[in-house]
Amino acid sequence: MLALGPLSPGVRPPSRVNAMKPFLKVAVVAGGYIAAFLMASAVVAIRIANTSGPDAQASSGMYAAGDAMLLVAVFGVSALVPTGAALFFLRPYRRFWTVLSAMGLAVAVTGVTAAILFAVGRHATASPLAIWAGLSVLRILVAPLLALAFLVCTIFSPHRSPRFAFLAATVMEAAVSAYGGAVWFVPLYFHRP
């Protein structure tokens, strides 16, 4: 290899992260996702072992749905670490951050739309609005995980405008999460007899 001497005044030497081989970066991220999946599977296995009784047999469908939601929740939270690593490795690519932030805002708008649909149509009689309100529940349930994901993107974004877009997406998803919590969970604890 030919040595060219010292670097020019405006040129920074490559960092250790940028010097890491692409295969190793992919392996680190993939290993993190595999570890997140194994952790989520272990949590669900522990829950199944602790809830296998006559109640679980009588309501097996409900328990299976709860197990699936627990798997998604634990995987989603623990997958934030390898996602953060992937985002850290992608910091030098401005176009990636611009496109990802635009997609993040679009996804966050769907959450706000779902919350509005649910608020307007949850007491509607059998109509298309009631059907859309029922389906919007699925989108509202994912809002807390998306809020965390957008927060991770906000933290790792190296550029100002994508960072503000991710912050706006985080705030929107947090508002949708708060709405879902206020509508579904607060009445469980503060119900009037």
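Annotation for the range 94-103: at least one member residue is among the aromatic types (F, W, Y) and either in the same structural domain as L141 (by TED's automatic domain parsing) or not in a helix (DSSP H, G or I) (or both). Within the range 176-193, being farther than 19 Å from A102 by Cα and in a helix (DSSP H, G or I) holds for S177, A178, Y179, G180, G181, A182, V183, W184, V186, P187, L188, Y189. When P158 is tested against (1) within 20 Å of the chain's Cα centre (by Cα); (2) within 30 Å of G31 (Cα to Cα); (3) assigned to a helix (DSSP H, G or I); (4) not aromatic (F, W, Y), just one condition goes unmet, and that condition is (3). As a summary of the residue check, T110 satisfies the conditions (1) within 30 Å of P22 (Cα to Cα); (2) within 18 Å of the chain's Cα centre (by Cα); (3) among the polar types (S, T, N, Q); (4) not assigned by TED's automatic domain parsing to the domain that holds G32 except for the one numbered (1). Of all residues in the range 132-141, those satisfying the criterion of being touching a residue at least 24 places away in the same chain (Cβ under 8 Å) and either surrounded by 18 or more Cβ atoms within 10 Å (Cβ to Cβ) or on the phi > 0 side of the Ramachandran plot (or both) are R139, I140. With respect to (1) under 24 Å from S78 (Cβ atoms); (2) surrounded by 16 or more Cβ atoms within 10 Å (Cβ to Cβ), the lone exception for A115 is condition (1). When only residues in the range 33-68 that are in contact with a helix residue (DSSP H, G or I) (Cβ under 6 Å, 6 or more places away or on another chain) and hydroxyl-bearing (S, T, Y) count, which is nearest to V81 (Cα to Cα)? Only one residue tops the list, namely Y33.
Listed here are the residues, each with its yes/no results for (1) hydroxyl-bearing (S, T, Y); (2) modelled with pLDDT of 95 or more; (3) more than 29 Å from L141 (Cβ to Cβ).
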{"site": "M1", "(1), (2), (3)": "no, no, yes"}
{"site": "P6", "(1), (2), (3)": "no, no, yes"}
{"site": "P14", "(1), (2), (3)": "no, no, yes"}
{"site": "T51", "(1), (2), (3)": "yes, no, no"}
{"site": "Q57", "(1), (2), (3)": "no, no, no"}
{"site": "G61", "(1), (2), (3)": "no, no, no"}
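Only one of the listed residues (L129, L87) is at negative phi and free of Cβ contacts under 8 Å to residues at least 24 places away in the same chain. That residue is L129. Of all the criteria given as (1) out of contact with any Cys (no Cβ under 6 Å at 6 or more places or on another chain); (2) buried (at least 21 other Cβ atoms within 10 Å of the Cβ); (3) hydrophobic (A, V, I, L, M, F, W, C), the one not satisfied by L151 is (2). Here S127, S78 are screened, and the one residue that is of a type in the set (S, T, N, Q) and farther than 28 Å from A36 by Cα is S127.
Tell me whether the range 30-46 contains one or more residues that are at pLDDT below 90, farther than 30 Å from A165 by Cα and among the β-branched types (V, I, T). No, the conditions are met nowhere in the range 30-46.
The values are calculated or read from the model by the stated rules, or taken from the named source; none is laboratory data. Fair warning: this is a prediction, and the values are worked out from it, not measured in the lab. Cβ: placed from backbone, ideal geometry, glycine included. Neighbour counts: every protein chain shown.
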